[in-house]
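The values are calculated or read from the model by the stated rules, or taken from the named source; none is laboratory data. Since we're looking at a predicted model, the values are computed, not measured. Don't worry about glycine lacking a Cβ; one is built from the backbone with ideal geometry, like all the others, and counts go over all protein chains shown.
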Amino acid sequence: MSAEKSLAIVLRTIEFSETSVVTTLFTEKFGKISALAKGARRPKGPFESALDLLAVIRIVFLHKSSDALDLLTEAKLERRFRGATRDLSRLYAGYYVAELLTELTDEGDPHADLFSAADAALLRLESDAPVAPTVLDFELTALRLLGHLPSLHDCVGCGNSVEAVGRVAFGLVVGGVLCANCRPGQRQVVSISAPALVAMRKLTEENEHAELMELEPKVRGELRGVLSGYLAHLLGHKPKMHDYLKTLV
Ligand SMILES: [Zn+2]
């Protein structure tokens, strides 16, 4: 057992006993961890309400090697998430960032790049940046960094390249575009417009955040639909925040 330090984003906090909580954190250095915070529910406890949902905190914890919970020994607040003070959509979008980090990552699998992307997304949600593009950008970035991007250029059936003309078949289960030969017999296929496919291809390249702002609402709506369907299949269930995201476009 060794003491480790990291920055972390608070994803969830559950009451554990009268005085303690178990908190799920996405740390910069160690990926997702679950840690017991003894005394966190006491007024003037050792964590001074640093364990707020979506807060960015600086932690010290004892890393247990077995299946036991890690033990949080220090948590200092770096930044509280203030999106909710602006409007509710920013709070819900923040919840969705936390939900994706919880669902898409495994415990103890470090992704410093994903930590930075999440940190940046939360900061944008606290600013004047538009919410829907920020969410789309974070989803695509998370999928790219975790190696879960759908196939957008080559047919997932035969590997031939698929041109972005007219409407293109996208298999939610197989995870990508399908050519005319491979489409028959596939389950859960949606059709997406060429502009939506082109936009998605562009957005999945690195450093293309600016493009998001210029998307037409119609194209953005299509991307919202395809991504929600794709993520629901990837995770095996519909994310809790998806119904709310429909109202964002
Ligand atoms: Zn094919």
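Computed values, structure above
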read-out	value
Selected residue (criterion: nearest to the ligand (Cβ to nearest atom)) from residues of segment 130-179 that are in a helix (DSSP H, G or I), of a type outside the set (A, V, I, L, M) and out of contact with any Lys or Arg (no Cβ under 6 Å at 6 or more places or on another chain)	Arg144
Of residues in segment 11-34 being among the acidic types (Asp, Glu) and outside any strand (DSSP E or B), the one nearest to Asp119 (Cα to Cα)	Glu28
Whichever residue in segment 1-13 is modelled with pLDDT under 95 and aliphatic (A, V, I, L, M) and, among such residues, is nearest to Asp67 (Cα to Cα)	Met1
Hey, Gly94 at pLDDT 95 or above and crowded, with 19+ Cβ neighbours inside 10 Å or not	yes
Subset of segment 17-33 [at pLDDT 95 or above and not aliphatic (A, V, I, L, M)]	Thr23, Thr24, Phe26, Thr27, Glu28, Lys29, Phe30, Gly31, Lys32
Every pair of residues 6+ apart whose Cβ atoms lie under 6 Å, when the first sits in segment 146-165 and is farther than 20 Å from Ala196 by Cβ and free of Cβ contacts under 8 Å to residues at least 60 places away in the same chain while the second is assigned to a strand (DSSP E or B) and within 14 Å of the ligand (Cβ to nearest atom)	Gly157/Leu178
Residue in segment 171-191 that is of a type in the set (D, E, K, R) and under 25 Å from Val97 (Cβ atoms) present	no
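A quick yes/no check of all residues on (1) assigned to a strand (DSSP E or B); (2) modelled with pLDDT of 90 or more; (3) more than 16 Å from the ligand (Cβ to nearest atom); (4) within 15 Å of Val162 (Cβ to Cβ):
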residue: Arg183; (1), (2), (3), (4): no, yes, no, yes
residue: Ser191; (1), (2), (3), (4): yes, yes, no, yes
residue: Asn207; (1), (2), (3), (4): no, no, yes, no
residue: Gly225; (1), (2), (3), (4): no, yes, yes, no
residue: Lys240; (1), (2), (3), (4): no, yes, yes, no
residue: Val249; (1), (2), (3), (4): no, no, yes, no
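Per-residue answers, yes or no, for (1) among the basic types (Lys, Arg); (2) in contact (Cβ under 8 Å) with a residue 40 or more places away in the chain; (3) surrounded by 21 or more Cβ atoms within 10 Å (Cβ to Cβ):
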{"residue": "Ser6", "(1), (2), (3)": "no, yes, no"}
{"residue": "Phe16", "(1), (2), (3)": "no, no, no"}
{"residue": "Thr19", "(1), (2), (3)": "no, no, no"}
{"residue": "Thr24", "(1), (2), (3)": "no, yes, no"}
{"residue": "Arg41", "(1), (2), (3)": "yes, no, no"}
{"residue": "Gly45", "(1), (2), (3)": "no, no, no"}
